[in-house]
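Have a look at the structure below before the remarks.
Laboratory data are not the source of any read-out in this text; all were calculated from the coordinates shown. Owing to the predicted nature of the structure, the values given are computational and were not obtained by experimental measurement. Cβ placement follows ideal geometry from the backbone for every residue including glycine, while neighbour counts extend to all protein chains displayed.
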Amino acid sequence: MKTLTSALTFIILFSLAMPAWSQNAPKKMEYNDPGFKKIVQVALVVKDIEASNKMWAELLGMPVPKISTTRPGHEVNEFYRGKPSEGQVKLTFFNLGQVVIELLQPVSEGTSWKEWLDTNGEGVQHLGFQVVDQDKTTEALEKAGYPVFHKGKYDSLDGTYIYHDTKDALGVIIETLHSDPKK
């Protein structure tokens, strides 16, 4: 399984990011968070999460995971393009060890997920990295020209996700994830 995960990570990065890198080289980062050494999530936006969930489960030889719908945006401090959002998404996760495949089906307007589906159709939307210092990482990404455009708290309210606008430069959105310290 570890080999499959490593191969999947390499293939996704190479096939998605290389064409963009050849045209728009990534900008130099002033701070490189240790969390960027390992992709923890590959997220695909889909039109029909029930059908996609079954297909991925069959392909991976895994049980079909539970699908849930996120809480309304005001409950998780969600912002999209600088404004509060009530956006929601149906989601499910396939845990492959180092990497989780996340399937996302937008159920409302005002999210990067809906924008991605409307603009690009189904496919890989973002790569997620569990960062050590989200504030420093966010600042460094913004200084490098990759602004925040979607963010919020986990539904469990014990962590934060931040999406940076890296699609034109990297071919995919970068998401930083940060879990709050255990109390």
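Enumerate the lysines that Lys83 could reach by cross-link, defined here as Cα to Cα under 28 Å, with residues fewer than 8 away along the same chain left out. Filter leaves Lys27, Lys47, Lys114, Lys136, Lys143, Lys151, Lys153, Lys167.
Other residues lying with their Cβ under 10 Å from the Cβ of Glu75 contribute a combined charge of -1, Lys and Arg counting +1, Asp and Glu -1.
As a size descriptor, the averaged projected area of the C-alpha convex hull of the chain was calculated at 10.6 nm².
Shown for Val40, Val132: other C-beta atoms within 10 Å of each C-beta, ranked fewest to most, produce the order Val132, Val40. Using just its DSSP H runs of length 4 or more, each adding -39500 (n - 2.57), the chain gives a mean residue ellipticity at 222 nm of -9500 deg cm²/dmol after division by all residues. Counting charges near Glu86 (Lys, Arg +1; Asp, Glu -1) among other residues having Cβ under 11 Å from its Cβ returns a value of -1.
If both residues of a DSSP beta bridge must be in the chain, then about 75% of such bridges are antiparallel. Fewest-first ordering of Asp158, Asp133 by other beta carbons within 10 Å of each residue's beta carbon gives Asp158, Asp133.
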